[in-house]
Protein chains: 2
Amino acid sequence: MSLIPKSHPRAKSLFIREKLVKGFENGLVAKEGLLAQGRGEAFDYLLGEKTSRLAKNAIRAAAAQLLLAERPVISVNGNIAALCPKEIVKLSKQIKAKLEVNLFYANKTRKQAIIKMLKKSGAKEVLGSNPKTSTKLDGIDSARRIVDKNGIFAADVVVVPLEDGDRTMALRNAGKIVITFDLNPLSRTSHTANITIVDNVTRGIDLLIEECKKLSKRNKDSLQKIIYNFDNKKNLAENVIQIKNNLTRRARIA
Amino acid sequence: MSLIPKSHPRAKSLFIREKLVKGFENGLVAKEGLLAQGRGEAFDYLLGEKTSRLAKNAIRAAAAQLLLAERPVISVNGNIAALCPKEIVKLSKQIKAKLEVNLFYANKTRKQAIIKMLKKSGAKEVLGSNPKTSTKLDGIDSARRIVDKNGIFAADVVVVPLEDGDRTMALRNAGKIVITFDLNPLSRTSHTANITIVDNVTRGIDLLIEECKKLSKRNKDSLQKIIYNFDNKKNLAENVIQIKNNLTRRARIA
């Protein structure tokens, strides 16, 4: 039973917090992942805790990019597996992307728990645990460079929701097109990725699946045009302006 | 051994994170406390990760208020016990304040671990675990209303670093003067407290101890004047402006 009083004005946010805590208890989430989620909560609060028009534009560009991809891969970490495993599997099926478990804080047991969760959520194959097909990315230190030959290593487009800046950079240096979810529009990840969706992944993922479905009948030119018209740096700058406007508004009512 | 690569640009923040994680492993910190710390990290990042002039003003007012207090009490939770136990004990000695353990997520074992940590850090007495002297605060739901008759219940001034909005409100309703550390200048706690120090407690606590020492020879009138000249709402509003300015600056260099 939840200890959170329903009368608490931040009950909704505390319930999501409980979901992560449950994921932690089930061995999916690292302790550091709980802290990382807290950071996300703060930015979500500053963004108004809703999916903005800006996020929707980024989602549309991401969907177009995924539909144009030849070898798309979705990188899954513990927080994603705890927050939206079914949705991630659904997205992978919608765009025929491979799933690969890739952890910042590497840990075999946790990796297995994540794979199990994804399979329970409908995934047929999850890469990232076979030493025979593992290889290394350049430009990133040892513990976090390992990827699957048939997954991220061979991918042209990689979705890395809730990723670290170092790894995002390593993926870009390896020539990948990177799509990320990041609530901090100032982070290195946000600025290194090709397409940054500044939204809570638990809200944005369903919209991304929808958009992939919606755009799936478009031809290549039409999809290319959507990507061409999307400016990630501009989108991020506008997200910063949005936070500033929210701060002004909140400061007024506080 | 730390798994955090020294080359990581956010290594410092990740090391503090490790401190909390260690506190969690030692039974001091709740899982939810890890998330709460993450939220703090994000606001600290937005505030520039340094003690501002505004925070110093609040620290000065807090010191004056503590020196004028007749029955000051410092409320300690798991995160505080993990981050700066020695400093909290030092502050309590400097201002002759009682220490009371008071948890958002109540848990007997954790309470005992916190008391043990405070005693190890030099505390002679720690209130909050004796059922014979426990009583209840009004206006807050059951699990969190319990306080010590000889501690918070009888206090005129309460320091509640990293506190929840509900409880801050209950303390104000009970007629207490509340001093808090909160990195979010928009939070209910920040706006409910009498004096809000918008700073990372691990940085600000030493300054607060120093200021208490510095002001200890002042007379009552002089201390009253410091408090009279401090405007908490104005201080919070200026902190919001500071975040906005930092956002502008960061967006420019991103």
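Okay, here's what the table says:
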{"item": "Shape of the stretch B:115-158, Cα gyration tensor, a/c cut at 1.5", "result": "prolate"}
{"item": "For the A-to-B rotation axis, chain A residue with nearest beta carbon and its distance in angstrom", "result": "A:Gly38, 1"}
{"item": "Shortest-first nm distances, A:Lys136 label point to equivalent points in other copies (7 Å, Cα→Cβ)", "result": "6.3"}
{"item": "Residue-count net charge about B:Leu54 - beta-carbon cut-off 10 Å; Lys, Arg +1, Asp, Glu -1", "result": "+1"}
{"item": "Stretch gain in nm, segment B:Tyr105-B:Arg145, where the contour uses 0.36 nm per residue and the Cα spacing is subtracted", "result": "13.2 nm"}
{"item": "Partner chain coverage, peptide A:224-233 - average Cβ within 10 angstrom", "result": "0"}
{"item": "Average other protein chain Cβ within 10 Å of Cβ, residues B:36-48", "result": "6"}
{"item": "Charge-dipole axis of chain A as Lys and Arg at +1 and Asp and Glu at -1 on Cβ define it, positive-most pick from A:Leu207, A:Ala62, A:Ile140", "result": "A:Leu207"}
{"item": "Relative contact order %, chain B, counting alpha carbon pairs below 8 Å whose residues are six or more apart", "result": "24"}
{"item": "The stretch A:16-93 shape via C-alpha gyration tensor axes, a/c threshold 1.5", "result": "oblate"}
{"item": "Other-chain or far-sequence residues with amide H under 5 Å of B:Leu127's (modelled H)", "result": "B:Leu99, B:Glu100, B:Val101"}
{"item": "Radius 14 Å from Cβ of A:Arg249, net charge of other residues (Lys, Arg +1; Asp, Glu -1)", "result": "+4"}
{"item": "Teacher prompt: A:Asn219 distances to equivalent labels in other copies, 7 Å Cα→Cβ, nm", "result": "9.0"}
{"item": "Share of pairwise Cα separations in the protein assembly as shown, more than 28 Å, in percent", "result": "55"}
{"item": "Three-way shape call for the stretch B:1-138 based on the alpha-carbon gyration tensor, with the a/c threshold at 1.5", "result": "oblate"}
{"item": "At 1.567 mPa s and 4 °C, Stokes diffusion of the stretch A:53-243 via Kirkwood alpha-carbon radius, µm² per second", "result": "79"}
{"item": "Per DSSP, loop trypsin sites (Lys or Arg not before Pro) in the stretch B:15-102 with at most 12 further Cβ within 10 Å", "result": "B:Lys50, B:Lys96"}
{"item": "Exam field: B:Asn232 pseudo-label spacings to other copies (7 Å along Cα-Cβ), nanometres", "result": "4.4"}
{"item": "Inter-chain Cβ neighbour average for residues B:20-27, partner chain, 10 Å", "result": "2"}
{"item": "Cα-based reach from B:Lys225 at 20 Å (exclusive), listing aspartates and glutamates while leaving out same-chain residues under 8 positions away", "result": "B:Glu70, B:Asp156, B:Glu210, B:Glu211"}
{"item": "Long pairs among A:Lys120/B:Lys22; A:Lys96/A:Lys120; A:Lys244/B:Lys50, criterion Cα-Cα beyond 24 Å", "result": "A:Lys120/B:Lys22"}
{"item": "Highest-first arrangement of B:209-222, A:224-237, where packing means the average Cβ count within 10 Å", "result": "A:224-237, B:209-222"}
{"item": "Percent antiparallel among DSSP beta bridges (both partners in the protein assembly as shown, rounded to 5)", "result": "20"}
{"item": "Fraction of beta bridges assigned by DSSP in chain B that are antiparallel (%, nearest 5)", "result": "20"}
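Readers should treat all values here as calculations from the given coordinates under stated rules, not as data from a laboratory. Quick caveat, the model's predicted, so the values are computed rather than measured. A quick note on method: Cβ atoms are made from the backbone with ideal geometry, for glycine too, and the neighbour counts reach across all protein chains shown.
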